[in-house]
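Each remark here refers to the structure printed beneath this line.
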Amino acid sequence: MPKKQWSAWRFVVWFGVVSLLADLVYEGARSITGPFLASLGASAALVGIITGLGEGFALTGRLGSGPLADKTRAYWPLAIAGYALTVISVPLLGIASVLGTAAVLVIMERIGKALRSPAKDVMLSHATSAIGRGKGFAVHEALDQIGAVLGPLAIGAILGLTNSYSWAFAAMAIPGVAVIALLLWLRNKVPDPTQYEPEDDSTVEATTEPKRFANWQFPNAFWWYLAFTVVATLGYGTFGVLSFHLVKEHVIATPLVPVVYAAAMGVDALMAVATGWLYDRIGRRSLLIVPFISAAIPMFAFTTTPWVAVTGILLWGAVMGIQESTMRAAVADLVPARRRGTAYGVFAAGFGTATFIGGALMGILYGISIPAIIMAVVCIEICALIVLIIAIRKQSAEAKS
């Protein structure tokens with residue numbers, strides 16, 4: 001086991017601090033990506049495509065980085081390289097003066113997330129095996145979201161004082177340096193986080209023959225869970241499109257957009273903690289709330305009344321909190337430890353594809369009509385709810401047999 005003073009909780013908390021600083025960088029940048037791209041001439045559809053493509057790369061890219069993490073067990077090098085790519089790309093946005101360059105940097109930042117995430121999640125899955133995965137991932141996500149609140153607030157303050165996107169992005173280099181320094185220190189303290197979880201503990205629910213799983217073979221419960229996630233995410237738009245609406249319709253002033261994003265990240269943190277603890281008690285039934293909240297988002301977010309639109313953004317943050325905590329914990333409980341990096345990659349690929357399609361779809365439908373967005377999202381989330389109910393019932397039936 002790792003040194004006594006480095007308990008699983010301590011590792012989770014310190015990795016949460018790493019994520020806090022990283023989120024300060026990239027969530028701060030994401031809070032103004034929509035208006036920034038619009039300032040360079042992007043349309044609503046193009047903002048949706050660029051941000052959706054970025055999220056798609058952040059998730060589908062894990063199809064490669066996940067198996068790579070499983071094969072090499074090079075968790076720390078992959079995590080550090082991914083974080084480095086992100087904290088370099090964001091400050092460079094400050095010197096991007098043409099739309100093409102900005103779009104490439106936005107996508108590069110997301111590729112950094114694709115590179116690091118499976119390795120990071122595998123390390124956290126081992127540490128949280130001893131403390132409760134729902135609680136462990138929830139605490140990590142809560143710390144993560146402190147940065148997601150502080151980043152947009154810092155960006156908003158700088159943007160309000162300077163009225164300059166360049167200065168706002170450049171300032172993110174400071175916490176970026178701290179991210180790399182803290183990662184190197186943490187790696188020195190805990191060089192092998194896998195030791196937190198015993199070798200013979202597969203932590204897989206209803207899995208009878210884990211040794212027979214090949215590279216892309218996982219329990220049926222995993223595929224049903226992935227199907228639900230994909231369908232639900234198709235109706236969940238990117239903040240780029242939501243913030244585009246806020247600015248285009250003059251719902252709120254541009255410097256306030258990061259503040260609204262910060263508030264959404266605060267809701268994200270609270271929802272992550274609440275659903276994380278609930279997940280440890282009732283399992284995937286805790287996800288039944290996701291389709292209902294997702295269906296309500298466009299009904300609120302695409303209005304022109306400020307408090308109503310902000311409510312929609314806060315609902316968006318609530319779903320984000322569930323995605324980043326409970327959904328990640330569930331994957332670890334469904335797949336053997338030695339295939340977990342690949343599982344996170346496959347899961348993220350489906351999630352990322354759905355994010356890209358959903359972001360592009362919402363941007364395109366925005367150019368048609370708001371009612372079209374609402375109708376499409378409601379239909380999609382009804383389908384997602386049906387898939388989740390079937391998945392829960394099938395898993396219960398398999399457990400009894």
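The table below lists the values:
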quantity	calculated
Count of residues meeting criterion [within 27 Å of Ala337 (Cβ to Cβ) and not in a helix (DSSP H, G or I)] in segment 42-95	3
Test for Thr303: is it of a type outside the set (A, V, I, L, M, F, W, C), modelled with pLDDT of 85 or more, over 19 Å from the mean Cα position of the chain (by Cα) and not in a helix (DSSP H, G or I)	yes
Residue list for segment 41-55, restricted to those being among the polar types (S, T, N, Q) and surrounded by 22 or more Cβ atoms within 10 Å (Cβ to Cβ)	Thr51
Residues located in segment 41-59, provided they are touching a Ser or Thr at 6+ places or on another chain (Cβ under 6 Å) and β-branched (Val, Ile, Thr)	Thr51
Criterion: part of a helix (DSSP H, G or I), over 27 Å from Lys135 (Cβ atoms) and not charged (D, E, K, R) - qualifying residue of Ala296, Ala318, Ala272	Ala296
Some residue of segment 327-341 being open to solvent by 20 Å² or more (accessible area, probe 1.4 Å), modelled with pLDDT of 80 or more, part of a helix (DSSP H, G or I) and of a type in the set (A, V, I, L, M)	no
The listed residue being in contact with an Asp or Glu (Cβ under 8 Å, 6 or more places away or on another chain), aliphatic (A, V, I, L, M) and closer than 21 Å to Tyr344 by Cα, out of Leu59, Leu78, Leu85	Leu85
Qualifying residue in segment 369-382 (condition: open to solvent by 50 Å² or more (accessible area, probe 1.4 Å), farther than 26 Å from Phe244 by Cβ and touching a residue at least 12 places away in the same chain (Cβ under 8 Å))	yes
Enumeration of residues in segment 158-169 that are among the β-branched types (Val, Ile, Thr) and either buried (at least 19 other Cβ atoms within 10 Å of the Cβ) or at pLDDT below 85 (or both)	Ile158
Qualifying positions in segment 124-143 - out of contact with any Phe, Trp or Tyr (no Cβ under 7 Å at 6 or more places or on another chain) and open to solvent by less than 10 Å² (accessible area, probe 1.4 Å)	Ser125, Gly136, Phe137, Glu141
Test: Gly94 is small (Gly, Ala, Ser), surrounded by fewer than 24 Cβ atoms within 10 Å (Cβ to Cβ) and in contact with a Ser or Thr (Cβ under 6 Å, 6 or more places away or on another chain)	yes
Filtered residues of segment 196-228 (kept if at pLDDT 85 or above and open to solvent by 80 Å² or more (accessible area, probe 1.4 Å))	Trp223, Trp224
From Ala22, Ala38, Ala29, Ala58, residue being open to solvent by 10 Å² or more (accessible area, probe 1.4 Å) and not β-branched (Val, Ile, Thr)	Ala38
Ile155 being open to solvent by less than 20 Å² (accessible area, probe 1.4 Å) and of a type in the set (A, V, I, L, M)	yes
Hits in segment 107-123 - residues which are closer than 9 Å to Phe57 by Cα, among the hydrophobic types (A, V, I, L, M, F, W, C) and open to solvent by less than 10 Å² (accessible area, probe 1.4 Å)	Ala114
Among (1) over 30 Å from Ala8 (Cβ atoms); (2) at pLDDT 90 or above - the single one Gly52 does not satisfy	(2)
Single condition Ala349 does not satisfy, out of (1) surrounded by 24 or more Cβ atoms within 10 Å (Cβ to Cβ); (2) out of contact with any Lys or Arg (no Cβ under 6 Å at 6 or more places or on another chain); (3) of a type in the set (A, V, I, L, M)	(1)
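Every residue, every condition in (1) surrounded by fewer than 18 Cβ atoms within 10 Å (Cβ to Cβ); (2) under 21 Å from Leu388 (Cβ atoms); (3) in contact with a helix residue (DSSP H, G or I) (Cβ under 9 Å, 6 or more places away or on another chain), yes or no:
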| position | (1), (2), (3) |
| --- | --- |
| His245 | no, no, yes |
| His250 | yes, no, no |
| Ala253 | yes, no, yes |
| Pro258 | no, no, yes |
| Tyr261 | no, no, yes |
| Val267 | no, no, yes |
| Leu270 | yes, no, yes |
| Val273 | no, no, yes |
| Trp277 | yes, yes, yes |
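The values are calculated or read from the model by the stated rules, or taken from the named source; none is laboratory data. For clarity, every value in this text was computed on a predicted model and none was experimentally measured. For neighbour counting, all protein chains shown are included, and Cβ atoms are generated from backbone atoms with ideal geometry for every residue, glycine included. These area figures cover heavy atoms from the full protein model, side chains too; ligands, DNA and RNA do not enter into them. Shrake-Rupley method; radii C 1.70, N 1.55, O 1.52, S 1.80 Å.
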